[in-house]
Amino acid sequence: MKIIGLIIAILTGVLLLSATADFPIFGDPDSPASTHLSPYYIEKTMEDTSVPNIVTAVLADYRGYDTMYETAVIFTAGLACFIILRIFVREEPGDRLYRHVLTGVTVRVKEGAKLPPSDDFERIDTMWTPPDLIIKTVCRLLIPFIQLFGLYVIAHGHHSPGGGFQGGVILGASIILLAISTDLRTAVQRMREKVDAILCPVGVIIYAGTGALCILFGFNFLDYSALAPLLHVDPITARSHGILIVEIGVGIAVMCTMIWIYNILSSGGKYDEGL
Amino acid sequence: MGDLLQIIVAKYNYWIYITLMMIGLYAMIGKNNLVKKIVGMSIFQTAIILFYVSIGVKKGATIPILEHGHGEHGHSAAALIVHAVDYVNPLPHVLMLTAIVVGVATLGVALALAIKVHNRFNTLEEDEILAQIREK
Amino acid sequence: MSQQYPALLIIVPLLSALLISITGWINKRLCFPIAVAALAVSAYSCIGLLLRVVDEGVIVYRLGGWDPPMGIAYYVDHLNALVLVVVSVVALINLIGSKKSIELEMPGKTAPFYALYVLQVTGLLGVVVTGDAFNLYVLLEITALSGYAMLAMGDDRAPLSTLNYLYIGTIGACFYLLGVGYLYIVTGSLNMVDIANILPPLYESKAVLAAFIICLVGVWLKMAFFPLHAWLPNAYTHAPSAASSLIAPLVTKVMIYVMIRLILTVFTPEFTFNILAISEPIVWLAVVAIFMGAILALAERNLKKMLTYIIVAEVGYMVGGAWLGNRLGMTGAILHIVNDALMTLCAFMVVSNVAYKLKGYAFDDLKGLFRKMPFTMGAFVVAALSMIGVPPTCGFFSKWYLISGAIQSGQYAFMVALLFSSLVNVVLFFRVIEICFYEPFSDHHGHGHDHHAEPMAEAPVSMLVPLYVVAGGLILVGIYTSDIVNYVIEFAIPKSIL
């Protein structure tokens, strides 16, 4: 198998390399790729959509249809991980472990017995040492700022590098950081599985629904200028606003899917304490 | 020899991406461990992303975000004259955003499947798994 | 509203897939009706679109209102419209027919399964309808990811075979993406029609040649064309019935469509058949594919796995037909997309009925099946006749076109392969039917003579009715073949192919 792999890899490489003889050299401003479509995007974006970040404009407007499916791909991946791995285990009767939050002492509770309801104890699965105090505190302090930055990246995608995908990933990372620095149960308490799994399609619905709304106004799918009467602005600004709405949808979908996939993969589908 | 060197230097971006791609492809076909194959898959996809992004490069151009003053965005900004040569090609960047997302999605599903395989066979070495299947 | 058909046929399934995954957390019973309603609307739009295309010719739909090379556009011509109808109708019938089997095989996970099912259909429809080379890649990945998830829900070995499919599928999709990148670097465009307009002066370029080959290999990997077919039999055999009866008829056929689209629209027939002299070896590869598919099917003792090898052979039919380079061959290939989708659907629905009652489809399990499930086996006989190519069923007509095409272009090996494969199909299916006629041998032996009449245990009506709709469809499509060819396929093939 190794030799076959080597032969296939080399054959493909030679085929691809031989074609580069006809390619423009690296960074050539006169290459077809730079002279056919891209001048239109660079010169007309401001007129057409009033968005200075051309990448955002092309992503969410000129090729917005692609991006809608891109969001759908992410959602599909979340759903796929869910259906492949998630196991709904019924609680087996047996000993349970609890940990006293302040002292870190582990308590074993015999079958059938119950602890008095109190916030001082938290449920754990294995006899592991509690996470380091420094790491926990630093992450606690950092998470709000990370989330704020994520929101900024989504909102400022029109004017600077950023947008729904990047911001969504940063927001998702903040919750994943919580899950890593403490444990999965704590993170799931902040973001329940059901909420997460429902918000994920809601994000995509915001995107596709905005497009479908344009059909209802008699325009083509995803033609945001149809939203002008609804938003009380002129058609060009409506495109800019439409892009923002869509980016928010992308942000929600990406954030929730990242958390969903992490939770499922790290706990093997059981949603217990995770890594 | 000098000619060849010149070609390689002028088009080094393609050489880099093809080398990376070959490494990834070899790992996907030749490796025995299922997770190593997944790693190969990621390398392969990353190589393609590098290739696309390198298409968009333009000498002497800057990132594709237009300069604009604060009070004047909207209509008056359309009056600004923009030269295409000053900005790099935005299209490959857009396409690769999509490809990155697809790569992440595939990676997630592949890892989920690998975990499921590991739960069933307790190993990720392909030959050991096949031996277990044959034993039955 | 008919103006919006091209958008509706995609948007309605997409939105409802999202809706299903939300309602799955609230009320599981609503999921199935939503899925059926969405696919019904989608099928209605597809049929409406086909009728409009037959009336008016090519329909261009600009997404986001942008003109084609800048934005993404649909070009719906006769070829897409026909394949769209096939995809949406097959998906709808299969969904209705496999409700019980989904509930049996995946208790507790029906809601995400329905969502993935509808997403898969969305992806397939999107691949067929789009006119943008890169958009096709994105939709291909939706199809692939939802497919992996559904296939992995099968028996013990399903995750492993799906993981292998995932590796191969990713290589295939990435090769296609690379090919598109090569085209983009020399043309600067991603729109299929625009690329075709820019390409002619570049036909001699090595980059275009490499782009074509790499795209083609990518598509072949995804459609399981012979030397690249290794992932298909295991992935489909271990899958749950509902998933395999959706994916087996549609995914390979949609990939054939993509190949034909690349030949006809993006690279144009002049380039593929005249400038590149590679049709001869590819037809030979198809011949090998047909022979190997047939022989490997003969060696199988498991009904579902046997059918998967027949798919490998059928892929050979279509690739060979498309590469014959003449009108008859291309007509046969396109007609066979329709017919093979229906035949495979019929055969796999029979398998899912059998799996519903028997929990196994190895040949030894099938004994006495005619007495046990007479109606299901009746439909199986129709599917078998069609796969063999017996006249009133549709399988005969596409094979007829393919064979005439082979004779016209002098590819006698391809003709022999087609005849050989029909012969092997006769052996294969009559062997199965023979086994099903015999009484279970072990019963006579073990229990004496008081156990001779096994009670009839037919699959539920909700599974039988869709099965008979498909079986009837096989004969109807056969009878109306000339209409399909004269009104639709005739216009789908450019005039330059004689």
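If you sort the three axes of the alpha carbon gyration tensor as a ≥ b ≥ c, you get a/c of 1.5 or more for the protein assembly as shown and a/b no higher than b/c, which makes it oblate. GNM on chain A, alpha-carbon springs under 10 angstrom: the most fluctuating residue among A:GLY168, A:GLY64, A:GLY218 is A:GLY218.
What net charge is computed for the residues neighbouring C:ALA81, neighbours being all others with C-beta under 12 Å from the C-beta of C:ALA81, Lys and Arg scored +1, Asp and Glu -1?
Working: positive: C:ARG52; negative: C:ASP55, C:GLU56, C:ASP77.
Its environment carries a net charge of -2.
Of the chymotrypsin sites (Phe, Trp or Tyr not before Pro) in the stretch C:166-263, not one is in a loop by DSSP (not H, G, I, E or B) with at most 10 other beta carbons within 10 Å. Across the stretch A:157-275, Cα pairs under 8 Å and at least six residues apart give a relative contact order of 38 percent. For helix C:327-358, what angle does its Cα long axis make with the longest principal axis of chain C, in degrees from 0 to 90 and rounded to 10? Approximately 30 degrees, to the nearest 10.
Computed from phi, the 3J(HN,Hα) profile of the stretch A:59-69 under the Karplus parametrisation 6.51, -1.76, 1.60 (θ = phi - 60°) reads 5, 9, 10, 4, 10, x, 5, 4, 5, 4, 6 Hz, with x in place of Gly and Pro. In plain terms, the residue of C:ARG261, A:ARG185, A:ARG108 with the fewest other Cβ atoms within 10 Å comes first and the most crowded comes last, giving A:ARG108, A:ARG185, C:ARG261. As a proxy for reagent exposure, C:ILE475, C:ILE198, C:ILE290 were ordered by neighbouring Cβ count within 10 angstrom, fewest first; the result is C:ILE475, C:ILE198, C:ILE290. Which angle from 0 to 90°, rounded to the nearest 10, does the C-alpha axis of helix C:206-223 make with the longest principal axis of chain C? Approximately 20 degrees, to the nearest ten.
Placing +1 on each Lys and Arg Cβ and -1 on each Asp and Glu Cβ, with no other charges, gives the stretch C:277-498 a dipole about its Cα centre of roughly 260 debye. Between B:LEU4 and C:TYR44, the simple spin-label model (points 7 angstrom out along Cα→Cβ) gives 6.7 nm. This ranking places C:THR252, C:THR122 by how few other beta-carbon atoms lie within 10 Å of each, fewest first, which gives C:THR252, C:THR122. In chain C, a dipole from Cβ-located charges (positive for Lys and Arg, negative for Asp and Glu) runs towards its positive end, and of C:ALA333, C:GLY97, C:LEU358 it is C:LEU358 whose Cα lies farthest in that direction.
State, as an integer percentage, the relative contact order of chain B based on alpha-carbon contacts under 8 Å between residues 6 or more apart. The value is 25 percent. Bridging of B:LYS136 to lysines at a Cα separation below 21 Å is possible for B:LYS116, C:LYS304, C:LYS305, C:LYS359, once same-chain residues fewer than 8 apart are set aside. Along chain B, the exposed loop sites are GluC sites (Glu not before Pro) outside DSSP states H, G, I, E and B with at most 13 other Cβ atoms within 10 Å, and the longest stretch free of them is B:1-66. Inverting the pair-averaged 1/r between distinct Cα atoms of chain C gives 22.9 Å as its Kirkwood hydrodynamic radius.
Taking the Cα centre of the stretch A:134-275 as origin, sum charge times position over the Cβ atoms of Lys and Arg (+1) and Asp and Glu (-1), and report the length of that vector in debye to the nearest 20.
On the way: 8 positive and 8 negative charges, 71 e Å.
In debye, rounded to 20, the stretch A:134-275 gives about 340.
Quick one: grab the alpha carbon gyration tensor of chain B, order the square roots of its eigenvalues as a ≥ b ≥ c, and give me rounded if a/c is under 1.5, else prolate or oblate depending on whether a/b is larger than b/c. Here chain B falls in the oblate category. Listed by chain and number, the lysines placed with their C-alpha closer than 22 angstrom to that of A:LYS194 are A:LYS270, C:LYS28, C:LYS109; residues fewer than eight positions away on the same chain are left out. For chain C, the longest principal axis of the C-alpha atoms and the axis of helix C:374-388 are separated by about 40°. A straight Cα-to-Cα reach below 21 Å connects C:LYS399 with the lysines C:LYS253, residues fewer than 8 places away in its own chain not being considered.
So how strong a dipole does chain A carry about its Cα centre when Lys and Arg Cβ are +1 and Asp and Glu Cβ are -1, to the nearest 20 debye?
My answer is approximately 1060 debye.
Let me know the shape class of the stretch C:277-498, please: from the alpha-carbon gyration tensor, a ≥ b ≥ c as square roots of the eigenvalues, rounded when a/c is under 1.5, otherwise prolate if a/b is greater than b/c, or oblate. Prolate, since a/c reaches 1.5 and a/b exceeds b/c. Relative to the current alpha-carbon distance between C:ALA277 and C:VAL390, full extension at 0.36 nm per residue lengthens the span by 37.2 nm.
Here, each number is a calculation from the coordinates, and none is a lab measurement. Quantities reported herein were computed from a predicted structural model and do not represent experimental measurements. In this analysis, Cβ positions are derived from the backbone assuming ideal geometry, glycine residues included, and neighbour counts consider all displayed protein chains.
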